[in-house]
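K.L.:
One structure, as structure tokens, below. Some questions next.
Please treat every number below as a calculation from the coordinates, not as lab data. Computed from a predicted model, the values in this text were never measured in an experiment. Backbone-built Cβ (ideal geometry, glycine too); neighbour counts: all protein chains shown.
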Amino acid sequence: VSEQEVSFDRIFDAAPALVFRAFTEPDLVARWWAEKDETLEVEVLEPRAGGSWRFVNTGNDGSDVFSGVYHAVSADRIVQTFEYSGFPGIVLLETLTFDDLGDGRTRFTDTSVFPAAAAGTYGGGGGANESMDRLEALLKTL
Amino acid sequence: MNDLDSTFAALADPVRRAIITRLSAGEATPGELAEPFPISLQAISKHLKVLERAGLITRGRDAQRRPCRLRPEPLAETADWIAAHRRRTEDRYDRLEQLLHELKEPT
């Protein structure tokens with residue numbers, strides 16, 4: 001049945017620090033994110049926990065907005081959300097890793113999970129359910 | 001919730017995914033669908049309601065059996081979305097690879 005996760009695994013012929021820069025410096029992001037015949041405007045790029053990102057991708061068919069929030073940012077890992085204006089309400093949770101292969105190359109992985117899937121895995125746990133019960137009780141009193 | 005959203009939410013649960021897999025082999029009654037799981041018929045019935053609301057299954061009119069049938073259209077839509085996202089992202093990382101190459105060896 002339909003997968004709830006999309007992952008990518010690449011070996012880049014560049015050191016992790018350079019790969020990290022390509023994700024976190026607006027000038028560099030603008031050079032690879034959009035397709036060749038499109039332009040990318042990096043409106044917001046705040047690579048730190050709680051910061052956000054927002055790119056406007058303009059092509060012949062008009063503009064698409066991609067955006068998200070950073071949840072964790074370190075030299076070897078970025079955790080962020082990913083949303084696309086074409087499908088509002090669908091929020092991917094994306095984990096990017098930059099592993100140093102020690103020979104000037106980087107193993108890069110991108111694991112994107114649909115939060116509905118993530119909800120399915122923790123929804124059965126006691127903690128989340130208890131919180132929901134308390135929320136429900138609170139709502140009844142309001 | 002839009003359609004795609006409710007499809008993802010409906011598929012988030014492992015029991016519901018297993019029900020979909022079972023129904024892809026042909027229609028089945030709620031009782032038959034409950035058999036492989038250590039949960040009550042009532043619990044199965046709740047899962048079936050979620051799947052029905054998401055448009056992933058239809059229920060027969062026969063009040064005794066209420067056989068369930070898979071409705072594959074939303075699954076196809078979800079699969080299309082994921083395929084498009086995968087393709088776009090693969091292309092994007094191809095361009096990243098090219099950029100990293102250029103940064104290492106300025107022309």
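K.L.:
I'd like to know how chain B sits against the 2.2 N^0.38 Å rule of thumb: what's its Cα Rg over that expected value? Write out the running numbers ahead of the final one.
P.N.:
Numbers: Rg = 20.4 Å, N = 107, 2.2 N^0.38 = 13.0 Å.
Ratio of Rg to 2.2 N^0.38 Å for chain B: 1.57.
K.L.:
In terms of the Cα gyration tensor, with a ≥ b ≥ c the square roots of its eigenvalues, is the protein assembly as shown rounded because a/c is under 1.5, prolate because a/b exceeds b/c, or oblate?
P.N.:
Details: a/c = 2.31, a/b = 2.01, b/c = 1.15.
The shape class here is prolate.
K.L.:
To the nearest 20 debye, what is the magnitude of the charge dipole of chain A about its Cα centre, counting +1 on the Cβ of each Lys and Arg and -1 on the Cβ of each Asp and Glu? All intermediate terms of the calculation are to be shown ahead of the outcome.
P.N.:
Details: 11 positive and 24 negative charges, 79 e Å.
In debye, rounded to 20, chain A gives about 380.
K.L.:
For B:S24 paired with A:T58, estimate the spin-label separation in nm (one decimal), with each label point 7 Å from Cα along the Cα-to-Cβ line.
P.N.:
If labels sit at B:S24 and A:T58, their model points lie 4.3 nm apart.
K.L.:
What list do you get for A:E25, A:E136 if you sort them by fewest beta carbons within 10 Å?
P.N.:
A:E136, A:E25
K.L.:
Tell me whether chain A comes out rounded, prolate or oblate; compute the Cα gyration tensor, take square roots of the eigenvalues as a ≥ b ≥ c, and use a/c under 1.5 as the rounded threshold. Provide the component values of the computation, followed by the final result.
P.N.:
Numbers: a/c = 2.14, a/b = 1.52, b/c = 1.41.
It is prolate, given that a/c is not under 1.5 and a/b is the larger ratio.
K.L.:
Where a Cα-Cα gap under 30 Å defines reach, which lysines qualify for B:K104, not counting those fewer than 8 residues away within the same chain?
P.N.:
Those lysines meeting the cut-off are A:K36.
K.L.:
Based on the inverse mean of 1/r over its pairs of different Cα atoms, what is the Kirkwood hydrodynamic radius of region A:1-84, in Å? Spell out each step's value before the answer.
P.N.:
Details: mean 1/r = 0.0709 Å⁻¹.
That comes to 14.1 Å for region A:1-84.
K.L.:
What is the distance, in nm, between label points placed 7 Å from the Cα along the Cα-to-Cβ direction at A:D103 and at A:D37?
P.N.:
3.9
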